[in-house]
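The values are calculated or read from the model by the stated rules, or taken from the named source; none is laboratory data. This structure is a prediction, so every number in the text was calculated from the model and none was measured. Backbone-built Cβ (ideal geometry, glycine too); neighbour counts: all protein chains shown. When the accessible area is computed, the model is the full protein with side chains, heavy atoms only, and any ligands, DNA or RNA have been set aside. Shrake-Rupley method; radii C 1.70, N 1.55, O 1.52, S 1.80 Å.
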Amino acid sequence: MSSADGHAGRLVFDGECGFCTRCVDWLRRLDPQGKVDVQPFQADGVPASIGATVEECRDAVQFLGPDGVRRSGAD
């Protein structure tokens, strides 16, 4: 299932965290078509684009699925 924009969801991560960045690099290798839109929370407007605050994004990775449900951390 994908959203109207063709993405399977948006993953928002900490672009200043080395571990997060390495995990995102791994995800991008597994998803060469870019079905998951991956964005650092530090980019302008990204937290708001998924209905999250900067603080929530600092605390845990966030994922907004094509169903419109936002999950964070281990969810």
Original post:
When the residues of the range 35-61 are filtered to those that are open to solvent by less than 50 Å² (accessible area, probe 1.4 Å), farther than 18 Å from G6 by Cα and touching a residue at least 40 places away in the same chain (Cβ under 8 Å), which remaining residue is nearest to the chain's Cα centre (by Cα)?
Top reply: C57
Subject >> Boolean, R58 is at pLDDT 95 or above, part of a strand (DSSP E or B) and of a type in the set (K, R) >> reply: no
**OP:** Could you check, for the range 12-33, whether at least one of its residues is surrounded by fewer than 16 Cβ atoms within 10 Å (Cβ to Cβ) and on the phi > 0 side of the Ramachandran plot?
**Re:** no
Subject >> the range 3-60 - residue that is in contact with a Cys (Cβ under 7 Å, 6 or more places away or on another chain) and hydrophobic (A, V, I, L, M, F, W, C) and, of those, farthest from A74 (Cα to Cα) >> reply: F41
